Amino acid sequence: MRLSRYFLPVLKENPAEAQIVSHRYMLRAGMIKQQQAGIYSWLPLGYRVLRNIERIVHEEQQRAGHIPVLMPTMQPADLWRESGRYDAYGPEMLRIRDRHERDMLFGPTNEEMITDIFRAHVESYKQLPMTLYQIQWKFRDEVRPRFGVMRGREFLMKDGYNFDLSYEDAMHAYNRHMVSYLRTYERMGLQAIPMRADSGPIGGDDTHEFLVLASTGESEVFYDSAITDLSFGNREVDFDDRAGLEAIVREWTTPYARTDETHDVSLFHEIPAERQKSSRGIEVGQIFYFGTKYSEPMGAMVTTPDGGRVPVHMGSHGIGVSRLAGAIIEASHDEKGIIWPEGVTPFPVGIVNLKQGDGATDAACEGIEKALLAKGLEPLYDDREDRAGAKFATMDLIGLPWRITVGPRGLASGKVELTSRRTGESEEMSPEAAVARVAEIYAGV
Ligand code: ATP
Ligand code: MG
């Protein structure tokens, strides 16, 4: 992509309304535009990040054997009357009436609708286990939308729903979700810690929230620092292997990690003092087993091997796709701007031309651009006639992890400069070597 032809409306000044760094940088880097409180347009740069986050979520869900679907944002109130949630859900639900005076709502979540799909088409235990998921916009009329996309009113969520014959099968689905989430967040360059969470007024159900440690997080969290040493890495996982998944889940749930809602002071104090940590955290996902809460009232039943009929065991599992764009910035930035992890960066590498209009420099930049494209990597090429300092400032602000700088002086000795946004370190090498190095970095991403 040539920057001269792109749409990247960067701001020089800090927007006054932004209280936290991710919101500030998303506005300054021209990623989003607020349209109403808590409702945003995604401009080209932001949209590329959002699509990358979505892609990783899709890949990891499908790796775990979960099946993508897409449900509408608008739902009929009658479905929610069946579960009893139409009246129970508070003012966060946006209620709408159509021209025929029918009550509708903009879905804040989709348990009822997915249960409706299930009961229409599934009758036998032989069709289980099954997990369906979608990535779709939700609307919650939050009292205090704030922090940009972190607490929006309209926001993008991955919501998945498992259907199983028994509690044991549903717990296997729970574990599949936990393990797939661990890899999902790591691929985004994040450490998201599963923490035992509060299951609400009913209690007794299993639930974990995934939290990214950050001073601007809205949750208070308490954990054993041993958990921050764990990493999922590139493990081969067989998602049908129950014992194998249980072992991974045990690894991550043994060290103490809880939100303030479930915090147990005496348990916490059993951890060696130097490992007792408390901090703030951003909730980027939640997994939840709730049994037959919806299948029973809504009649989602399956036949059993011995000829009976039982309501299915269910759970729902969410990832805050649009919130993640902000959470990643909270976890990865400096005073100059964003530092994208390779997994989600809007462009893998930027090219800065130090002397636009100089025949040899232009040709070298175009050659690098072409060579990267041939390797399936689309660079953002700053081909504008602007000062070097201004070009560097833009690149630093938008946070591409790698930059290739091309100028007449270096080219005289056949060299360009490859710079890491994270460390600021630069290395001189031939254009071919720079392309090869970037390709090598992204081969493992
Ligand atoms: P919160 O406690 O932050 O309000 P929640 O527990 O109500 O979130 P869930 O129903 O668990 O949210 O939704 C799944 C995920 O969707 C959350 O883990 C979070 O990452 C994301 N999410 C929830 N509400 C919002 C919002 N208003 N804006 C952006 N993302 C959100
Ligand atoms: Mg939650």
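Of all the criteria given as (1) over 30 Å from Val122 (Cα atoms); (2) at pLDDT 95 or above; (3) surrounded by fewer than 20 Cβ atoms within 10 Å (Cβ to Cβ), the one not satisfied by Leu190 is (3).
Among the residues of the range 323-343, those identified as in contact (Cβ under 8 Å) with a residue 40 or more places away in the chain and surrounded by fewer than 24 Cβ atoms within 10 Å (Cβ to Cβ) are Glu330, Ala331, Ser332, His333, Lys336, Gly337, Ile339, Pro341, Glu342, Gly343. Among the strands (runs of 3 or more DSSP E) confined to the range 278-383, the ones with at least 2 residues that are more than 30 Å from Tyr256 (Cα to Cα) are located at 301-303, 309-311, 350-353, 380-382.
Every test in (1) hydroxyl-bearing (Ser, Thr, Tyr); (2) within 14 Å of ligand 1 (Cβ to nearest atom); (3) within 21 Å of the chain's Cα centre (by Cα) is passed by Ser231 save one, and that test is (2). Restricted to helices (runs of 4 or more DSSP H) entirely inside the range 1-102, those with at least 1 residues that are under 22 Å from the mean Cα position of the chain (by Cα) and touching a residue at least 24 places away in the same chain (Cβ under 8 Å) are 21-28, 44-63. Among the residues making up the range 395-440, those that are of a type in the set (A, V, I, L, M, F, W, C) and surrounded by fewer than 17 Cβ atoms within 10 Å (Cβ to Cβ) are Ala412, Ala433, Ala436. Every condition in (1) within 18 Å of the chain's Cα centre (by Cα); (2) away from ligand 1 (no atom under 16 Å from the Cβ) is met by Ala325 except one, and the failing one is (2). In the range 210-222, the residues that are in contact (Cβ under 8 Å) with a residue 40 or more places away in the chain and surrounded by fewer than 17 Cβ atoms within 10 Å (Cβ to Cβ) reach residues that are assigned to a loop (DSSP other than H, G, I, E, B) and not hydrophobic (A, V, I, L, M, F, W, C) with C-beta atoms within less than 6 angstrom, at least six apart or across chains, in these pairs: Glu220/Asp260.
Pairs are defined by a Cβ separation below 7 Å, a sequence spacing of at least 6 or placement on different chains, a first member in the range 137-164 that is on the phi > 0 side of the Ramachandran plot and in a helix (DSSP H, G or I), and a second member that is away from ligand 2 (no atom under 16 Å from the Cβ) and among the β-branched types (Val, Ile, Thr); the pairs so defined are Gly148/Ile32.
Of the residues making up the range 250-277, those that are among the aliphatic types (A, V, I, L, M) and either crowded, with 20+ Cβ neighbours inside 10 Å or part of a loop (DSSP other than H, G, I, E, B) (or both) number 2.
The values are calculated or read from the model by the stated rules, or taken from the named source; none is laboratory data. Please read these numbers as outputs of a predicted model, since none were measured by experiment. Virtual Cβ from ideal backbone geometry, glycine too; neighbours counted across all protein chains shown.
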